[in-house]
Structures are given as C-alpha cells and as structure tokens.
Amino acid sequence: MRRIVTRLLSITMLLCFVAIAAAQENVKALLPVDRKDEWWQKRFAEKNEQLKKGDAELLLVGDSITNGWDNDSAKEAREKYLDGWKWVNLGFSGDQTQHVLWRLENAPMDAVKPKAIMLMIGTNNIGNKQSPEDTVLGIAAIVKKLKDLYPNAKILVLNVFPRDEKPDGRLRVEVDKINSLLPKTLGKQKNVTLFSINDKFLDKDGTLPKSVMPDSLHPQKDGYLIWGETVQPKLKSMIEQKSTSSSYVKSTTRRAARRAR
C-alpha cells in the first residue's frame, strides 16, 4: 500500500513539474529575445566593448529608466553618486525582462567580475500588456541569471518605479502589484537585497510630481538626484565591503602575531 501511495505521489509531483514547465514556455517575460532596432544593436555592441575592459565594479541593469543615467539630465547625479566607481550602464530603452535575459546570455558578461549590480526592470512588460505575475517571473529569472554569472556579487533589486500621476492610475496599480509580489517570489537569497525608493519620489497623497517625472514614467534631474542619493549608501557598502575570508585571514594573522610575542 505504501509503495502505491509513494508512486502516486511521485507521479503527481512529476505532472506538476511538467505543468509548470509547460506554463512557463508560454510566459513571454521568460523567453530571451533580442531586438532588431539599429540603435539597440549599436548600443549592445558598444556596451560589449565596455564590458570587455574587465574593470567594472558596478553594473546597472534595466530599461530606459536606467538608460537615462547616461543622459544629460542625470549628469549631476552621475558625477555625485556613481562616478567614484567604475561602472557600466546596461540599461536599454524599451527593454522588457526577456530582452535583458537575452543580453545577459549573449553579452561578454564573463569579462567582468562586478562587486555590485543594481537591477530595476519590469515597467515595459506591463506597458506591453503582460501581467504583473508574469513580469515578476521575468524579474526572478534575471536575478537567478545574475547569481549564476556572479555568485559573489551583491545584487540590489529595486522595486519598479511608480507610474501614472495618481495612485489609482491603471499602470500605477499594476506596478504596485508587481512590487507586492516581489518579496515572496524572490524570497530571502544570499547576496540579494530588495529595496524600494518609491516613497522618495511621491508626494504625501501618492501623487507623482512632474518635477520628478514629467511624463509620469521617466525621471529627470530631480528624479536621478533622489535615486542616486538614496541608493548610494547601499551601493557603497556592497562595493567596498571587505570579504569575510579576508577579514578572517587578517584576524588570524593578528592572533598568531600576539602569540609569537
């Protein structure tokens, strides 16, 4: 009887795994794909050359919102909060999770050993009629890929930034749904920190000011200054943190020196 029950349980579990795998095959957010736009292919080639230099301490990964760190509107924030480190901006305007997955699989990511990675992605998935649930699966897949590529890097996963001027806007509600699902989906993982700076952008009533994001999506000067100021301490601790093994060796050496005296 026990053997029959055990076999039935095994078959049930197998069918569950097959069903999950089949379902994920239809999740667009999980299927790596590139984009054929000329500017996109050109930026991809340019960023590959930057990666090949091999000196990046920090990677920024995302869509147009991250891409914007290269723009004049982010110049002051960039110089004040990022330029103390060697960093590469892997933000591509219009990208969805599936495009980031493709880039991580096809760029020379093994040329660098970053100490920290800042990821913010997902707004274009819901903008293209994908569900918050599917979008979160795509974000989780990116985190897994980054962990596989860089087991020792610290990953700062930012909540998707607010959209729409008012809290009851359709896209704001969907963004909030994504962010509510992220903690359970990502769980507690070594070297992964989930962090929200969304309240820093919003007025007390939840309105998204035009001074921060004029189109209720893309940060401008004030937005990047807020972003940089808020994440800089976390990035600093991630990039400049001494490894445990190094600290252990130093403390052991000190103890040995004391004994020798």
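Odds and ends about this structure:
- Here is the list for the range 112-193: trypsin sites (Lys or Arg not before Pro) lying in DSSP coil, each with at most 15 other C-beta atoms within 10 angstrom of its C-beta, are LYS129, LYS188, LYS190.
- Model label sites at GLU38 and THR207, defined 7 Å from Cα along the beta-carbon direction, differ in position by 4.3 nm.
- Packing-based exposure ordering (other Cβ within 10 Å, fewest first) of VAL100, VAL175: VAL175, VAL100
- In sequence order, calculated HN-Hα J values of the range 40-46 (Karplus, 6.51, -1.76, 1.60; Hz; x Gly/Pro): 5, 5, 5, 5, 4, 5, 5
- Other residues whose C-beta falls under 12 angstrom from the C-beta of LYS145 contribute a net charge of +1, scoring Lys and Arg +1 and Asp and Glu -1.
- Cross-link partners of LYS221 among aspartates and glutamates, defined as those whose alpha carbon lies under 19 angstrom from its own and excluding same-chain residues fewer than eight positions apart: ASP63, ASP70, ASP72, GLU76, GLU79, ASP83, ASP164, GLU165, ASP199, ASP203, GLU229.
- Only Cα sites of the range 34-240 enter the Debye sum here, all with the same form factor; the resulting log10 I(q)/I(0) across q = 0.08 1/Å is -0.24, listed in q order.
- Proximal lysines relative to LYS204, as straight alpha-carbon distance under 18 Å, when same-chain residues fewer than 8 apart are discounted: LYS166
- Those lysines that a straight Cα-Cα span of less than 16 Å connects to LYS42, excepting residues fewer than 8 apart in one chain: LYS52
- Among the listed pairs LYS113/LYS200; LYS80/LYS177; LYS28/LYS145; LYS147/LYS234, those beyond 25 Å (Cα-Cα): LYS113/LYS200; LYS80/LYS177
A short reminder: the numbers here are calculations on the coordinates, not readings from a lab. What you see is a predicted model, and the numbers here were worked out from it, not measured in a lab. As a convention, Cβ positions derive from the backbone with ideal geometry for all residues, glycine included, and neighbour counts pool all protein chains shown.
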